[in-house]
1. Inside the range B:228-237, can you point out the residues that are within 22 Å of A:Thr136 (Cα to Cα) and either touching a Ser or Thr at 6+ places or on another chain (Cβ under 6 Å) or more than 12 Å from chain A (Cβ to nearest Cβ) (or both)?
2. Could you list all residues from the range A:41-61 that are of a type in the set (Gly, Ala, Ser) and within 19 Å of A:Thr78 (Cα to Cα)?
3. Answer with yes or no whether A:Thr220 is in contact with a Gly (Cβ under 6 Å, 6 or more places away or on another chain), within 14 Å of chain B (Cβ to nearest Cβ), buried (at least 19 other Cβ atoms within 10 Å of the Cβ) and in contact (Cβ under 8 Å) with a residue 60 or more places away in the chain.
4. Take the conditions part of a loop (DSSP other than H, G, I, E, B) and among the hydroxyl-bearing types (Ser, Thr, Tyr) and apply them to A:Ser271. Does it pass?
5. Considering the range A:243-277 alone, what residues qualify as being closer than 21 Å to B:Leu282 by Cβ, facing chain B (nearest Cβ under 7 Å) and crowded, with 24+ Cβ neighbours inside 10 Å?
6. Among the residues of the range B:59-68, are any within 11 Å of another protein chain (Cβ to nearest Cβ) and among the hydroxyl-bearing types (Ser, Thr, Tyr)?
7. Quick test of your reading of the structure: B:Gly189 fulfils all but one of (1) within 13 Å of chain A (Cβ to nearest Cβ); (2) within 19 Å of B:Cys149 (Cα to Cα); (3) out of contact with any Gly (no Cβ under 6 Å at 6 or more places or on another chain); (4) surrounded by fewer than 23 Cβ atoms within 10 Å (Cβ to Cβ). Name the failing condition by number.
8. If a residue has to be in a strand (DSSP E or B) and without any contact (Cβ under 8 Å) to a residue 40 or more places away in the chain to count, how many in the range A:64-101 make the cut?
There are 2 protein chains.
Amino acid sequence: MAAAHAGQTTQATIGDSEFDRDTAVTPREPGVYEAELSGGWTIAGAVNGGYLLALLGRALADTLPHADPFTISAHYLTASRPGPALIRTETVRTGRTLSTGQASLLQYDDEGNEVERIRVLASYGDLDGLPDDVRTAAEPPRMPPVEQCFGADDAPKGASPMGGFPIADRLMVKLDPSTLGWALGQPSGKGEMRAWFGLADGRDADPFSLLLAVDALPPTAFDLGIKGWVPTVELTVHVRCRPAPGPLRVAISTRNLAGGFLEEDAEVWDSADRLVAQSRQLARARLG
Amino acid sequence: MAAAHAGQTTQATIGDSEFDRDTAVTPREPGVYEAELSGGWTIAGAVNGGYLLALLGRALADTLPHADPFTISAHYLTASRPGPALIRTETVRTGRTLSTGQASLLQYDDEGNEVERIRVLASYGDLDGLPDDVRTAAEPPRMPPVEQCFGADDAPKGASPMGGFPIADRLMVKLDPSTLGWALGQPSGKGEMRAWFGLADGRDADPFSLLLAVDALPPTAFDLGIKGWVPTVELTVHVRCRPAPGPLRVAISTRNLAGGFLEEDAEVWDSADRLVAQSRQLARARLG
């Protein structure tokens, strides 16, 4: 991969990487976990919603008898801040092939009161136990090779809306030039964004980093000519397959911007051309 | 509309229809509601998941300060049965424009123990308070007029997989013939289903009946050549606009059937050509 942490010489691995350390949760009592929201995954001061979902996803993997998120739905309540957090989980149902759990991410206000940031419902299973049958009509997005795509560090200094924020140093996001017109003041109006995606330290993807991948590209709203923040109301991710090693391709699209809200759909493809995750979020847009 | 209840002479209205009576919830104490799951919305003995979601949606509308579901995510835990049920709701957060709540649908086993059927997270708002701006790339599905589409009562007796079940009497579902090949043993393999949709008694659509509409067509799995039951694991619905009076068009599609699971996406269009709801569910499929 093109981007790597300055000075880093060996590729990070699943379980031993910055992403793993920053999404770690520490059991305090059964079902309750302490976490530290890292400032490294912020953009314009906001902690990335996909990073937070990965953190909640790991807490649920510890609580539930199944390890892999199959479908996880998050409702975002208040803006998270870097710093300490508490995750309370509940086992809703355990079954042979699927288990369902709930989790809340909490932080504290200045008076020390708990404030809920995100609430999640999720059903977990065992990805490795699924049959290999694939009957899909979906095809990977057509996009140029990564060498012909553009990342935050390819833009003139200060010119990239992704550059300069901590999260940009931790991600390898290389945008398909045909979805990059907005960065030059010429949004296509199609509501599409496509990119090669990975973690900058070379750690391969796993189901938890897929939860990050679906929410890590510039918003489709930029391609629709909207420049402001597009906060997520709700995000649901389906993890469909354990990703193969190597970079991912992420395609996001919006069909319907109306009444100040828009949906954003993501598809994530791995290096073996498998559709490994699908997501949809409802977000607010401020129409200019 | 073509189909009407036998002997019915006046069109049912929102608030005064079988759907309204069968989704009514009765407050028992603050946030707790009693309900009766009607046997009228079953297919092959299973209570329809969209009907159940509408019932939960109405309980949350009573609990929360906002009346309209904007995004509602349901995880289906165990199979519901016609009969008495209890709905426990929780207000998670109230805001100026959006409120978030949680709800559980419970029934009782033979020993009288509570068994949870469905758990829901939802964010509610005020559809009528949204601005009129629409910048959508989405177009209504192309399909023939309703007179050229086919419903359960158009099939030879006993030949329709939808016919003969109680829910078929309560719905007006007229399938686009180009998505009907599976009924003649010739599934297209595309994973698509399109239909005109309404309530058989002529009641117009509202946000709650949209929750039913997204889960009321034959499953796309039929069009993929799968004949068995396709139980929903999780269903998330975004209601984007209050529907105009008149019949709806519903288009559902599956891109990825893999590992024994498939996603099913629905779009619902109203008579004014507005995209009024979008949904996605993850369901299990038994590959034959």
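The values are calculated or read from the model by the stated rules, or taken from the named source; none is laboratory data. Only a predicted model underlies this, so the values are computations on that prediction, with no experimental measurement involved. All Cβ positions, even for glycine, are placed from backbone atoms using ideal geometry, and neighbour counts span all protein chains on display.
1. We begin by selecting, within the range B:228-237, every residue within 22 Å of A:Thr136 (Cα to Cα); these are B:228-236.
Those that are within 22 Å of A:Thr136 (Cα to Cα) and either touching a Ser or Thr at 6+ places or on another chain (Cβ under 6 Å) or more than 12 Å from chain A (Cβ to nearest Cβ) (or both): B:Gly228, B:Trp229, B:Val230, B:Val233, B:Glu234, B:Thr236.
2. Step one: of the range A:41-61, the residues of a type in the set (Gly, Ala, Ser) are A:44-46, A:49-50, A:54, A:57, A:59, A:61.
Hits for the range A:41-61 are A:Ala44, A:Gly45, A:Ala46, A:Gly49, A:Gly50, A:Ala54, A:Gly57.
3. Numbers: in contact with a Gly (Cβ under 6 Å, 6 or more places away or on another chain): yes; within 14 Å of chain B (Cβ to nearest Cβ): yes; buried (at least 19 other Cβ atoms within 10 Å of the Cβ): yes; in contact (Cβ under 8 Å) with a residue 60 or more places away in the chain: no.
When the stated conditions are applied, A:Thr220 does not pass them.
4. On the way: part of a loop (DSSP other than H, G, I, E, B): yes; among the hydroxyl-bearing types (Ser, Thr, Tyr): yes.
When the stated conditions are applied, A:Ser271 passes them.
5. A:Glu263
6. no
7. So the condition that B:Gly189 fails would be (2).
8. Taking the range A:64-101 and keeping what is in a strand (DSSP E or B), we get A:68-76, A:83-94, A:99-101.
When the remaining residues are screened for being without any contact (Cβ under 8 Å) to a residue 40 or more places away in the chain, the result is A:92-94, A:99-100.
Count: 5.
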